């Protein structure tokens, strides 16, 4: 698998799982895009705290995305420098995605004063 295909595969996994990762962190109701995405997110209910990833508009999407993408990009760069190819580079990049998503998730929850993150009261 060429470098471009590895990157595209990781980006596809990231885009298909972002709402599931969101729901995992905030228990907000987000679903994968093919099951409705944010249709069931708590941003649709006026009386609950709003999901940190689904509120805030373009600016929040940009900084959350940047925090998530930074470790992925660094991992691909590191894997290329170390001549790691194939599945090893993909697995490392997906692990970096989860790490970046958790960092972005905690930071976003703190910024909007969301009551919980990973089931932990903040």
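Please treat every number below as a calculation from the coordinates, not as lab data. Being a predicted model, the structure only gives us computed values, none of them experimental. Methodologically, a virtual Cβ is constructed for each residue, glycine included, from the backbone with ideal geometry; neighbour enumeration extends over all protein chains shown.
Some notes on this structure:
- Reported to the nearest whole Å, the Cα centre-to-centre distance from segment 16-89 to segment 96-122 is 11.
- A straight chain from residue 39 to residue 113 at 0.36 nm per residue would run longer than the Cα-Cα distance by 24.4 nm.
- Label of the coordinate-derived value, log10 I(q)/I(0) by the Debye sum over Cα atoms at q = 0.14, 0.17, 0.22 Å⁻¹, listed as [x] -0.77, -0.93, -1.22; [y] -0.61, -0.84, -1.21; [z] -0.83, -0.98, -1.21: [y]
- Packing-based order for 108-121, 67-80, using average beta carbon neighbours within 10 Å, highest first: 67-80, 108-121
- Between 0 and 90°, nearest 10: helix 3-26 axis offset from the chain longest Cα axis: 20
- R0 of 35 Å, Cβ-Cβ distance residue 47-residue 103: FRET efficiency to nearest 0.05: 0.75
- Relative contact order [Cα under 8 Å, 6+ residues apart], the chain, whole percent: 27
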